[in-house]
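Notes for the one structure printed next.
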Amino acid sequence: MGRIVIAGGGIIGLFTAYSLLHKGHHITVIDKGDLNNNCSTGNAGMIVPSHIIPLASPGVVAKGLKWMLSAKSPFYINPRLDPDLIRWAWKFYRSSNKIHVDNSLPHLKNIGQYSKDLYQRFVRTHHDHDFFWREKGLLLLYRTSQGEKEEMEAAAMVQSAGLQAELLSWSQIKDLEPAVHRDVKGGVMYPDDALLSPAGLLYYLRSYLEKNDVDIVSGQSIQTFGRNSRRVYSVKTEEQHYECDYLVIAAGAWSASLSKLLSVKIPMRAGKGYSYVSDNYLQLRQPAILSEKKVTVSPYGRHVRFGGTMEITGLSHKISPLRVQGIAESIGLYYSGYTMEMPALSHVWSGLRPVSPDGMPYIGISKSYDNVLFATGHSMMGVSLAPATGQIIADLVGGIKPPFPIDAFSPDRF
Ligand SMILES: Cc1cc2nc3c(=O)[nH]c(=O)nc-3n(C[C@H](O)[C@H](O)[C@H](O)COP(=O)(O)OP(=O)(O)OC[C@H]3O[C@@H](n4cnc5c(N)ncnc54)[C@H](O)[C@@H]3O)c2cc1C
């Protein structure tokens, strides 16, 4: 029992607060923003226990280099002589191999399944929720032979890990998604995946936490920490000073700079992505990823959110119109009847994913301190893995062994 300060009020910080509730702690979540516009609000909202292959995997570097040549491609890295970026890129390159995938896969499977179970429990417990929870699976659509090869390989790995992946012909896809384009060659259905509205979830969680006496402090940026050799005892913003018995770093893409203040190095880059909401006049029903273009399609009844891109360009929300155009132009390649429309840039959302160089999150206690825990680096899966991350942090604070080994997520692994 004690005073717990959580740095960051994104989905990871809020689920951590949720898991720590009712255990006698005094919980304070501090955020520099208003909690309505972080990476956790405008993302694709996909809950993906099927995603067990880390971002750093064979072939990804070669593909990334090819994509760098096109201004509309889904990936870009701003090459510059920044030592942190060079070190991060080198670690990413070193991790992009089969051994790393084989080693990581069981851990991502454990945490992904656990998190989905916790979501189901959360939905059962909170009948009044209004965040569009739908267990409809996730469809991967491909148009090319290369896309087919990659998706078949991914599906085979998922199946050999004991999870479900169903290979679908065009006509089977057509039954599920009548708007599918004739040029789509086929697809893979991951029936255990789900969809939710991330902004709805964040709003719900925040209100629930506030009703349950969690102090949510918005508009205050953490500047420094009071610490001695093994403990952090206070957190300081420009305005106030918060004493703490435990500190949880859940500051998304900013976690690396906060960690530096603690003399802890966690390699991380911001991976910018975009999304926008459009009228769902195609009546899309099925959450999907357009394989070759890496575009996400999240239907929410009368509206649909399209998303994509991964730009490693620093902590900037600046929008690249050409990459947004790349997303918009992709839709009509996979769905028929689509009229390409470029969204007004003022309606485009951008979010900064916290990307570790091996594609694995940082979850656990730092070896440098007795009372500092890390809950960050979830890259493309923060919403998906938030309930499990929160629960693991609550277990560690309570001196309970998490339900599976978490060494692969150690904040000290680099
Ligand atoms: C286009 C796109 C689509 C995506 N789709 C999916 C998806 O379908 N499924 C999925 O699981 N994930 C998805 N993601 C990834 C997911 O959005 C992220 O992994 C997740 O939101 C990260 O949550 P977080 O809480 O770690 O970070 P954030 O949501 O960024 O929260 C961190 C918070 O820390 C605060 N903060 C930072 N520094 C300080 C400071 N000094 N003092 C106080 N506060 C501070 C920030 O203001 C921020 O509110 C997607 C991301 C993008 C960009």
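Numbers for the structure displayed
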read-out	value
Per residue solvent-accessible surface (Å²) - the chain, probe of 1.4 Å	43 Å²
Solvent exposure, largest accessible area first (probe 1.4 Å, DNA, RNA and ligands not counted), of M46, M380, M68	M380, M68, M46
Percent antiparallel among DSSP beta bridges (both partners in the chain, rounded to 5)	70 percent
Cα-centre dipole for the chain with unit charges at Cβ (Lys and Arg positive, Asp and Glu negative), debye to 20	820 debye
HN-Hα J in Hz across region 212-226 - Karplus 6.51, -1.76, 1.60, θ = phi - 60°, x for Gly and Pro	9, 6, 7, 7, 10, 9, 10, x, 10, 9, 6, 9, 7, 10, x
Values of log10 I(q)/I(0), in the order q = 0.13, 0.18, 0.20, 0.21 Å⁻¹, for region 197-354 under a Debye, Cα-only, solvent-free model	-0.79, -1.13, -1.25, -1.32
Length added when fully stretched, T224-T339, from 0.36 nm per residue minus Cα-Cα	36.4 nm
Carbon/sulfur fraction of accessible area - region 138-272, other protein chains in place, 1.4 Å, %	47 percent
Those trypsin sites (Lys or Arg not before Pro) in region 262-329 that DSSP places in a loop and that have at most 13 other beta carbons within 10 Å	R302, K318
Rg(Cα)/(2.2 N^0.38 Å) for region 1-63, N = residue count	1.54
Portion, in percent, of the accessible area of region 279-340 that falls on carbon or sulfur, probe 1.4 Å	54 percent
Note, ³J(HN,Hα) from phi for region 33-39, Karplus 6.51, -1.76, 1.60, rounded to Hz, x at Gly and Pro	x, 9, 6, 9, 9, 9, 5
Rg over Rh, two decimals, the chain (C-alpha only, Kirkwood Rh)	0.95
Between region 185-259 and region 68-124, the Cα center-to-center distance that results, in Å	20 Å
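The values are calculated or read from the model by the stated rules, or taken from the named source; none is laboratory data. The structure presented is a predicted model; accordingly, all values stated were derived computationally and were not measured. A quick note on method: Cβ atoms are made from the backbone with ideal geometry, for glycine too, and the neighbour counts reach across all protein chains shown. We work out accessible area using only protein heavy atoms, side chains counted, and drop any ligands, DNA or RNA first. Shrake-Rupley method; radii C 1.70, N 1.55, O 1.52, S 1.80 Å.
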